[in-house]
């Protein structure tokens, strides 16, 4: 951010959405639009179709005149209404972006996304600086992975965490009714925040998940099998949360990627070299087989991979998350209108009880391309999450559905 | 049912839950308990732990004094609060059941479950008749598969259908944002009702699912690949609903079971010889590979198996379903108290608009062990579901979440 520049910079604005969608990402889009429009400096508000790709392909939709009622409905709609992208612009790509920015007199750029997207944002902004093109460039945070630096949490995470919590609440009850060993594989390439959210399903002693494995701890199959056997012997059932991002000690890629490589000789990656981990049952089937081999073929073992449902399921969202997602969009737009600023909007927690946060403008480079992982204080041994994590997450997801038991035996 | 017997039969009651849990099965349990208790004929109301197994193992919990508020919370809780079972009693097993019934003076028996469970119920009832033991034996319907004969629909189905609909609404939007080919595998061993519920996600032209495959139509991989290619060429994306129960022409088992057999040399079955289809990603991974082989390795192909979430996810239920599940429990208990009756409570639809149903007492043998499949009038060709199915399902699941688009291009 710098102090000079044109205080009332006239021009058009571009908004884009990038990376994996969330159920509240359109709240941020609407937050930007409703704040910008009607402001004298900004004439056209252009949504770019499929992120930066829409800029270089001149695929824009004008948003300044969309009725507020419709915007409000869009805000409630899961997934990226503008379309998303996993493109990572290089120098040449950015040159083309600026040709299009100049052509359309774009002076305000808002990019809603995760850490890959904030890196895209930083590259575009750096190029603007180099060229002396005044551009107010804002990263608006979004990721179910909750892995942005300098943020207490990120919009999109709490809703996905609520999905995981509700899924585990029901699945633990299911696995009591028909006891066995059940593994659920949860999204989270590098950070265990979403997998850790499974701990919200525990209300009483012996509630599952009984074991939780996050990417922050090296995974050892022998320890895992012993853990599962111990719980199963004690309770006659075992519910397990496993992150798709777990990796073996010293491995340079997640176990899921190793399995994919072993089975097909190659791995599916995007332009950010992210390996495909979701949308495949390979990891869960691997665990099922390993447990059956260890415990005997007659053991009831099942596995589900939550997959894309956890980031897009219509109707499951946190009200706090929806509101905060709206606010980060508004705050980015407010900052852009205030002066020659750029940066990323970060959420900082002020207090737990009552829950209170602040929105802060931080440097793009402090968040771009970096990954925050789960604090070690929340990780117990190699297979559990501390109860204090519930205090962190509870205000973000709000009330969970009622569950009540008839308290039968030790179950 | 017969006309003789003791009009005020004094004794105790047993209630059990069987088969795959649903999110509303405890509504039925509570419906039976709250109707029976306080009635002069019934002294103890015993919930048997894990279905018939709880009877022969003398594992009961007394329910007559559980406070109504707690019962109401239990009713809202997913999965079977008493525990469930997949045991199928044979003659010897039934002998043991009756020894325990006699010991506890059980004269009322309510078994909440699907078609396997109604068959269990019929066997127990036949044995009671043979022995001249007066037993008022009721099957209380429950199955997400919606496959009970002589029922317009079954409690549990609508809530699972709502889950499928909401999942597809979100996933279709996700697959628009990051376009590709996406396959979702849905529960339903023999009947396509739950898979057909995916059609509820279609609101506008080009909305997914674009292809729907149910077990009622023989599956041909070549046709499937051509269907997928056609949609993908037209829209640049394709969302597919596939039932776990699909089978190839002339095959004696589902494709998923064939795959499991091929990979491990054996298949996992329960006591009813039902092959394990859920809790594994084998079928979805098979489709991914087949599509990549056909369309090229660079095509973005993903698959999710909805698995146990669709029957147990906490917080996703249909209010109509919850109410009807409560009512079938009450109606069974009311019938049991009226005279020497036995049977199954069936839901018949009287009118669509306004939606109105009636509860009818039907013979156990007319529902026991039989499977209803999706009416052919709802199936279009080999790969789609008719819009009229939405009229059938809409009143059962009620309002779905708002979705709104910004209408960008042909997407």
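Which of the three applies to the protein assembly as shown, rounded, prolate or oblate, going by the alpha-carbon gyration tensor with a ≥ b ≥ c and a/c under 1.5 meaning rounded?
Note, shape of the protein assembly as shown comes out prolate.
Quick one: of the DSSP bridges fully inside the protein assembly as shown, what percent are antiparallel, nearest 5?
Just about 30 percent of them are antiparallel.
Taking every residue in B:73-85, how many Cβ atoms of other protein chains lie within 10 Å of its Cβ, on average?
Across the residues of B:73-85, the mean count of other-chain Cβ atoms within 10 Å is 6.
Mind listing the label-point distances from residue A:203 to the same position on all other copies, shortest first, one decimal in nm, points 7 Å along Cα→Cβ?
Here the equivalent label points are 3.2 nm apart from this one.
If I fit a long axis through the Cα atoms of helix B:115-131 and take the longest principal axis of the Cα atoms of chain B, what angle between them do I get, 0 to 90°, rounded to 10?
The angle comes out near 20 degrees.
Angle, helix B:282-295 long axis vs. longest principal axis of chain B, Cα atoms, 0 to 90°, nearest 10?
Helix B:282-295 sits roughly 20 degrees off the main axis of chain B.
Does anyone have the angle between helix A:319-338 and the longest principal axis of chain A? Alpha-carbon axes, 0 to 90°, nearest 10?
20 degrees
Between residue A:230 and residue B:220, what is the spin-label point distance in nm, taking each point 7 Å from the Cα along the Cα→C-beta axis?
Simple spin-label model gives 5.6 nm for this pair.
Which distances, in nm and shortest first, link the residue A:375 label point to the same label point in every other copy, taking 7 Å along Cα→Cβ?
For residue A:375, the other copies' label points sit at 5.8 nm, shortest first.
Near the axis that takes chain B to chain A, which B residue has its beta carbon closest, and at how many Å?
B:281, 1
If you count, for each residue, the other Cβ atoms within 10 Å and average over each peptide, how do A:81-91, B:64-74 line up from highest to lowest?
Top to bottom by mean Cβ count within 10 Å: A:81-91, B:64-74.
Please state the relative contact order of segment A:115-201 as a whole percent: Cα pairs under 8 Å, 6+ residues apart?
It rounds to 26 percent for segment A:115-201.
Rounded, prolate or oblate, given the Cα gyration tensor of chain A, with a/c below 1.5 counting as rounded?
The shape class here is prolate.
Given the C-alpha centroids of segment B:115-181 and segment A:328-379, what is the distance between them in whole angstrom?
47 Å
Starting from the 7 Å offset along Cα-to-Cβ, what nm value, one decimal, do you get for the label separation of residue B:92 and residue A:370?
6.9 nm
With label points built 7 Å along Cα→Cβ from the Cα atoms of residue B:262 and residue B:388, find their separation and express it in nm.
Label-label distance for residue B:262 and residue B:388, simple model: 3.7 nm.
How shielded is A:181-192 by partner chains, expressed as the average number of their Cβ atoms within 10 Å of its Cβ atoms?
1
Explain nothing, just the number: relative contact order of chain A, from Cα pairs under 8 Å at least 6 residues apart, as a whole percent.
The normalised contact order for chain A reaches 23 percent.
Taking R0 as 30 Å, what FRET efficiency do you get between residue A:407 and residue A:294 from their Cβ-Cβ distance, rounded to the nearest 0.05?
0.40
Averaged over its residues, how many other protein chain Cβ atoms are within 10 Å of peptide B:53-65's Cβ atoms?
Average per residue, whole number: 1.
On full extension of the chain, what length is gained from residue A:359 through residue A:57, given 0.36 nm per residue of separation minus the C-alpha to C-alpha distance?
Net length gain for the segment: 105.4 nm.
Name all residues of segment B:26-58 having a backbone nitrogen under 15 Å from the label point set 7 Å from the Cα of residue B:68 along its Cα→Cβ direction, giving them as ranges.
Residues passing the 15 Å test: B:30-39.
In terms of the Cα gyration tensor, with a ≥ b ≥ c the square roots of its eigenvalues, is segment B:16-112 rounded because a/c is under 1.5, prolate because a/b exceeds b/c, or oblate?
Here segment B:16-112 falls in the oblate category.
Taking R0 as 41 Å, what's the FRET efficiency between residue B:319 and residue A:253 from their Cβ-Cβ distance, rounded to 0.05?
0.35
For the protein assembly as shown, what is the calculated [θ] at 222 nm in deg cm²/dmol (nearest 500), taking -39500 (n - 2.57) for each run of four or more DSSP H residues and dividing by its residue count?
Computed ellipticity for the protein assembly as shown at 222 nm equals -11500 deg cm²/dmol.
If you put a point 7 Å past Cα along the Cβ direction, how far is that point for residue B:351 from the same point in each other copy, in nm, smallest first?
So the label point of residue B:351 gives 5.7 nm to the other copies.
Ordered by packing density, taken as the mean number of other Cβ atoms within 10 Å over each peptide's residues, highest first, how do A:26-33, A:183-190, B:32-39 rank?
Listed from highest to lowest mean packing, they are A:26-33, A:183-190, B:32-39.
Read-outs throughout are calculated quantities, based only on the coordinates presented, and are distinct from any laboratory measurement. Computed from a predicted structure; not experimentally measured. Every residue, glycine as well, gets a Cβ built from its backbone with ideal geometry; the counts of neighbours run over all protein chains shown.
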